[in-house]
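Step one of this worksheet: look at the structure below.
The values are calculated or read from the model by the stated rules, or taken from the named source; none is laboratory data. Bear in mind the structure is a predicted one, so any value in this text is a computation, not a measurement. Cβ coordinates were reconstructed from backbone atoms using ideal geometry, including for glycine residues, and neighbour counts include every protein chain displayed. We work out accessible area using only protein heavy atoms, side chains counted, and drop any ligands, DNA or RNA first. Shrake-Rupley method; radii C 1.70, N 1.55, O 1.52, S 1.80 Å.
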Amino acid sequence: MIVKTVANAREALKGVSDSMTFMFGGFGLSGIPENAIAELVRLGVKDLTCISNNAGVDDFGLGLLLQQRQIRKMISSYVGENDEFERQMLSGELEVELTPQGTLAEKCRAAQAGIPAFYTPAGYGTEVAAGKETREYNGKMYVLEPAYEADFAFVKAWKGDEAGNLIFKGSARNFNPVMAGAAKVTVAEVEELLPAGALDPNQIHIPGIFVKRIFQGELYEKRIEQRTVRTRS
Amino acid sequence: MLDKNGIARRIAREVKDGYYVNLGIGIPTLVANFVRDDIEVEFQSENGVLGMGPFPWEGEEDPDIINAGKQTITTLPGASFFDSSMSFAMIRGQHVDLTILGAMEVAENGDIANWKIPGKMVKGMGGAMDLVASAENIIVAMMHTNKAGASKLLERCTLPLTGVGCVKKIVTNLAVLEVGPEGFILLERAPGVSVAEIKAATAGRLHIPDEVPEMDL
């Protein structure tokens with residue numbers, strides 16, 4: 001067995017430096033790599049390009065990197081709910097590339113799967129398609145979208161093992177599986193790291209081949225962005 | 001004239017037995033509350049949930065189970081979770097039967113704008129561009145006019161587009177309309193609303209049939 005385990009976030013993030021491009025799993029604050037983000041704040045690397053569906057909130061998730069002005073460019077599909085983000089974007093400090101959510105997911109998956117580009121109907125006829133190659137298939141128009149190229153992918157899973165195999169929970173799965181293996185180095189953090197053999201191979205969502213380093217996260221806040229409930233009468 | 005719940009109630013009648021449905025944020029989310037309980041429908045959330053249920057009971061919220069609006073939710077028997085790429089395979093691959101979403105503007109040729117107001121509001125398109133580019137069956141849920149009283153049903157959209165020629169049906173607080181080859185076609189009036197009022201609130205071309213029934217809610 002090839003062991004992927006490292007001791008902690010500090011070891012897992014060896015090699016990150018200024019001006020790199022990173023992928024971050026998560027949707028809103030659900031399933032985000034909290035420990036990797038905390039370590040990036042500690043390291044203070046800057047001029048980063050970050051590919052993430054959302055940009056966190058003011059004081060959590062990628063919002064922590066925005067607060068420290070570590071991000072130069074953000075590639076996302078939806079960036080509401082973050083005042084500091086909006087301020088940096090409108091003042092021109094932060095470059096933002098808005099991408100349709102399905103296209104963003106597929107640009108990751110294409111990178112993971114060795115596909116350089118693909119045609120999608122999303123964004124045809126809009127400013128998203130400006131300057132891009134378009135083509136007709138069976139009477140419908142499509143836009144050519146290239147795969148992402150990233151230095152590190154930071155993903156978060158529920159359970160993992162020493163071999164780097166991952167299992168996700170609920171909708172915290174989201175972008176994490178499509179980013180695993182989509183960058184030069186994939187770092188997975190898990191809530192529970194188990195010995196090889198402890199996870200049923202039938203239940204693995206992402207095989208360890210896509211993961212370079214795996215560690216157990218120290219503490220997960222798992223903040224809820226919109227707490228909606230039914231009240232018992 | 002309808003309120004937001006009224007719009008949702010009318011749209012719920014378009015939801016048929018056996019449909020997989022994607023609901024956008026805002027008025028569309030309310031549609032789930034009005035779907036008849038004698039039909040089987042599954043709601044898809046593009047962050048990776050099929051078979052969404054109601055909000056959890058207080059104290060049972062799970063940060064790992066949310067919808068596309070980042071709200072805590074539950075799942076129903078038969079539900080499944082999946083990654084974002086597979087979620088949009090369902091959407092682009094036309095496995096979702098009905099998409100209901102909000103809009104800032106709709107044009108008489110079916111163009112829709114709902115993601116950006118240049119210089120003012122830039123939140124992003126989320127999954128809307130993928131949804132409108134692929135779905136066969138798109139219903140827009142929105143108020144007929146904006147807060148300033150200007151029509152949201154236009155000859156051409158003025159805001160950056162989300163998709164071109166994709167909207168088939170629109171349900172507003174005043175009317176149900178279809179996008180036809182020569183502009184909007186008025187299908188139904190909201191209770192107590194006259195054809196003249198709808199005409200006055202519609203900036204795009206409006207075809208008015210001889211008979212325009214009141215909505216059956």
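Miscellaneous remarks
- Share of alpha-carbon pairs per 10 Å distance bin for segment B:124-217, given as whole %: 15, 49, 29, 7, 0
- Mean Cα-pair separation over length for chain B, i.e. relative contact order, pairs under 8 Å, 6 or more apart, %: 19 percent
- The shape of the protein assembly as shown comes out prolate: with a ≥ b ≥ c from the C-alpha gyration tensor, a/c is at least 1.5 and a/b beats b/c.
- The HN-Hα couplings worked out from phi for segment B:109-126 by the Karplus form 6.51 cos²θ - 1.76 cosθ + 1.60 (θ = phi - 60°) are 9, x, 5, 9, 10, 7, 10, 7, 10, x, x, 10, 9, 10, 9, x, 8, x Hz, whole numbers, x standing for Gly and Pro.
- For chain B, calculated [θ]222 nm from helices alone, where every DSSP H run of n ≥ 4 adds -39500 (n - 2.57): -4000 deg cm²/dmol
- For the protein assembly as shown, the antiparallel share of DSSP beta bridges with both residues in that region comes to about 40%.
- Cα gyration tensor shape of segment A:1-148, rounded if a/c is under 1.5, else prolate or oblate by comparing a/b with b/c: oblate
- Size of the B/A contact, given as accessible area buried on both chains, probe 1.4 Å, in Å²: 4200 Å²
- Segment B:151-165 and segment B:58-127 have Cα centres spaced 20 Å apart.
- Taking a point 7 Å from the Cα of residue A:2 along the Cα-to-Cβ direction, the residues of segment A:171-189 with backbone N closer than 18 Å to it are A:179-189.
- Applying 1/(1 + (r/R0)^6) with r as the Cβ-Cβ distance of residue A:138 and residue A:117 and R0 = 22 angstrom yields a FRET efficiency of 0.70.
- In segment B:162-217, GluC sites (Glu not before Pro) in a DSSP loop with at most 15 other beta-carbon atoms within 10 Å: B:182, B:211
- Qualifying chymotrypsin sites (Phe, Trp or Tyr not before Pro) for segment A:1-92 [loop in DSSP, other Cβ within 10 Å: at most 12]: none
- Applying a DSSP loop filter and a limit of 13 other Cβ atoms within 10 Å to the trypsin sites (Lys or Arg not before Pro) in segment A:1-56 leaves A:14.
- Across chain A, the relative contact order, built from alpha-carbon pairs under 8 Å that are at least six residues apart, equals 24 percent.
- Three-way shape call for segment B:1-98 based on the alpha-carbon gyration tensor, with the a/c threshold at 1.5: oblate
- Calculated FRET efficiency for the pair residue B:1/residue A:67, C-beta based, R₀ 41 Å, to 0.05: 0.35
- Cα-Cα over 22 Å, subset of A:169/B:70; A:140/B:116; A:46/A:107: A:140/B:116; A:46/A:107
- Taking Lys and Arg as +1 and Asp and Glu as -1, the other residues whose beta-carbon sits under 15 Å from that of residue B:38 total 0.
- Residue mean of other protein chain beta carbons inside 10 Å, A:123-132: 5
- Between segment A:89-109 and segment A:194-233, the alpha-carbon center distance in angstrom: 25 Å
- Estimated [θ] at 222 nm from DSSP helical runs (n ≥ 4, -39500 (n - 2.57)) normalised by residues in chain A, nearest 500: -5000 deg cm²/dmol
- 25 °C / 0.890 mPa s Stokes-Einstein diffusion coefficient of segment A:126-214, Kirkwood radius on C-alpha pairs, µm²/s: 165 µm²/s
- At R0 = 30 Å, FRET efficiency that the Cβ-Cβ distance of residue A:17 and residue B:120 yields, to 0.05: 0.20
- Rounded to the nearest 10 Å², the accessible area of residue B:91 at probe 1.4 Å: 10 Å²
- 18 Å tail of the calculated P(r), segment B:136-180, as % of Cα pairs: 28 percent
- Placing a label point 7 Å from the Cα of residue B:80 along the Cα-to-Cβ direction, the residues of segment A:66-104 with a backbone N closer than 20 Å are A:102.
- Among A:102-108, B:66-72, sorting by the average number of other beta carbon atoms lying within 10 angstrom of each residue, highest first, gives A:102-108, B:66-72.
- For segment A:40-116, the orientation-averaged shadow of the C-alpha convex hull comes to 5.4 nm² (one quarter of the hull surface).
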